[in-house]
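The values are calculated or read from the model by the stated rules, or taken from the named source; none is laboratory data. Keep in mind that what you see is a predicted model, and the values were worked out from it rather than measured. Methodologically, a virtual Cβ is constructed for each residue, glycine included, from the backbone with ideal geometry; neighbour enumeration extends over all protein chains shown. The protein model used for the area step is the full one, side chains on, heavy atoms only, and it has no ligands, DNA or RNA in it. Shrake-Rupley method; radii C 1.70, N 1.55, O 1.52, S 1.80 Å.
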Amino acid sequence: MGRLAQTDGLTEIQRDILATVREFVDKEIIPVATELEHRDEYPTAIVEGMKQLGLFGLTIPEEYGGLGESLLTYALVVEEIARGWMSVSGIVNTHFIVAHMINAHGTQEQKDHFLPKMAAGEIRGAFSMSEPGLGSDVAAISTKGVRSQDGEFYVLNGQKMWLTNGGTSTLVAVLCKTDEGGSTPYKNMTTFLIEKTPGFGPNPTVPGLTVPGKIEKMGYKGVDTTELVLQDVRVPADRILGGVPGRGFYQMMDGVEVGRVNVAARGCGVARRAFELGIAYAQQRTTFGKRIAEHQAIQFKLAEMATKVEAAHQMMVMAARKKDGGERNDLEAGMAKYLASEYCKEVVEDSFRIHGGYGFSKEYEIERLYREAPMLLIGEGTAEIQKMIVGRRLLEEYRIAE
């Protein structure tokens, strides 16, 4: 296993969970990941295995059938899964965000209805905030929900973008503009919980809702990434998350905050796998009469890679523990996401360089990692957004008296 990316202070239960997941990754994910990724094939057997392990309910409270584990446990599990194949970690990430939002902000009826089935993996969640013209400016949201005259339902119209699990999910948390009297754009947004049938095209159980198909991507294959089109979709008013309109932005940001820890964990996992591949190949490849691992230039590169893997892991752990402790962690989560994604890109590229020409071949795993790493630079907010968040928080913390 090696000494990198170890976490102090874990309970015996946490260590057992991680050992089980690590074994599952080594036996069930790594051997098939590259083949499935090249075919852009959804990992059905892997997902079924995760359901049997209870991973879809890892953080859902025990009273709803979950394991009731912490964000730290979840982040460490995601790190292990991403080490095997980052796309699989994406399948559980949006599910986890939606479950977290329902548990933290949902009505009791919503918790009772959704969480037990989500814990069992029977209901699988997707998270829908972005739009084609939105980018990072959430205030510019245009998808709109209008309340019916009797107040019993809302009619939703608009187009959403970049839904991970958009086709395979059965529950989508959708952020819409509702214009119900808030003093700022951020108080005029509402999160709706839409249950749907999995699949692509017009949805047979939700009139007006369409998932056009999978978006073709450079990497991050296997998991479906989609658009979501809403044309006069009627959603019952009791499917507003928390039952009260106008709270959607803050609910979504809470979800994004834990999602940033998740993306940091994914970066850590991919970087660790790239390091493992690089250091193994360096001990196998021979040039100028000796293994390339004996060349000082390669040793320097391995040292830099390992340092980045370790630094990113420890910052991710710190951000998760802050959130678990009930503290505000937007500063730490932003730092962790920024550092882990940037270091992941650099470690993967260094491993790619160590592989030389073979890194360009699809026969070698590093080729897949090289195409996967860029998604982490964008997901859950770009590096520029993270630096804005961190910079503003630092000014709050270190503001001088005038």
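If you go through segment 295-309 and pick out every residue that is surrounded by 19 or more Cβ atoms within 10 Å (Cβ to Cβ) and within 25 Å of the chain's Cα centre (by Cα), you end up with 4.
Against the list (1) open to solvent by 20 Å² or more (accessible area, probe 1.4 Å); (2) modelled with pLDDT under 95; (3) under 30 Å from V32 (Cβ atoms); (4) not in a helix (DSSP H, G or I), the condition R260 fails is (4).
Does segment 155-162 contain any residue that is under 15 Å from M252 (Cα atoms) and of a type in the set (V, I, T)? Looking for residues that are under 15 Å from M252 (Cα atoms) and of a type in the set (V, I, T), one finds none in segment 155-162, hence no.
All told, P202 meets the bar of being over 21 Å from V92 (Cα atoms) and free of Cβ contacts under 8 Å to residues at least 12 places away in the same chain. In summary, helices (runs of 4 or more DSSP H) completely within segment 311-402 and bearing 2 or more residues that are closer than 21 Å to D254 by Cβ occur at 330-355, 383-397. Quick check on I292: is it more than 23 Å from D254 (Cβ to Cβ), surrounded by fewer than 21 Cβ atoms within 10 Å (Cβ to Cβ) and not acidic (D, E)? Judged against the criteria, I292 is a match. The requirement of being farther than 23 Å from R83 by Cα and out of contact with any helix residue (DSSP H, G or I) (no Cβ under 9 Å at 6 or more places or on another chain) is satisfied by E384. Would you check if F153 is open to solvent by less than 30 Å² (accessible area, probe 1.4 Å) and either aromatic (F, W, Y) or closer than 16 Å to G65 by Cβ (or both)? It is false that F153 is open to solvent by less than 30 Å² (accessible area, probe 1.4 Å) and either aromatic (F, W, Y) or closer than 16 Å to G65 by Cβ (or both).
Just so you know, in segment 156-198 the residues that are among the small types (G, A, S) and outside any loop (DSSP other than H, G, I, E, B) include one that is most open to solvent (accessible area, probe 1.4 Å), and it is G158. Evaluating V233 against the criteria (1) at pLDDT 95 or above; (2) assigned to a helix (DSSP H, G or I); (3) open to solvent by less than 10 Å² (accessible area, probe 1.4 Å) leaves one unmet condition, (2). Go through the residues of segment 317-327 one by one and say whether even a single one is crowded, with 16+ Cβ neighbours inside 10 Å and either more than 30 Å from E397 (Cα to Cα) or of a type in the set (F, W, Y) (or both). No: zero hits.
If you filter segment 1-28 down to residues that are part of a loop (DSSP other than H, G, I, E, B) and in contact with a Lys or Arg (Cβ under 8 Å, 6 or more places away or on another chain), you find that the one that is most open to solvent (accessible area, probe 1.4 Å) is M1. Scanning for something under 29 Å from E62 (Cβ atoms) and of a type in the set (K, R), does segment 136-152 turn up at least one residue? Within segment 136-152, none of the residues are under 29 Å from E62 (Cβ atoms) and of a type in the set (K, R).
Residue count for segment 267-282 under the criterion of being of a type in the set (D, E, K, R) and buried (at least 24 other Cβ atoms within 10 Å of the Cβ): the result is 2. Selection of segment 274-298 for residues being assigned to a helix (DSSP H, G or I), of a type outside the set (G, A, S) and within 24 Å of E367 (Cβ to Cβ) yields F275, E276, L277, I279, Y281, I292, I298. Filtered by the rule that a residue be β-branched (V, I, T) and open to solvent by less than 50 Å² (accessible area, probe 1.4 Å), segment 34-52 gives T34, I46, V47. Number of residues in segment 112-144 that are surrounded by fewer than 18 Cβ atoms within 10 Å (Cβ to Cβ) and under 21 Å from L55 (Cα atoms) equals 5.
In the set (1) under 26 Å from the mean Cα position of the chain (by Cα); (2) free of Cβ contacts under 8 Å to residues at least 40 places away in the same chain, the condition left unmet by I279 is number (1). With respect to the conditions (1) open to solvent by 10 Å² or more (accessible area, probe 1.4 Å); (2) farther than 21 Å from A274 by Cβ; (3) part of a helix (DSSP H, G or I), P31 falls short on a single one, namely (2).
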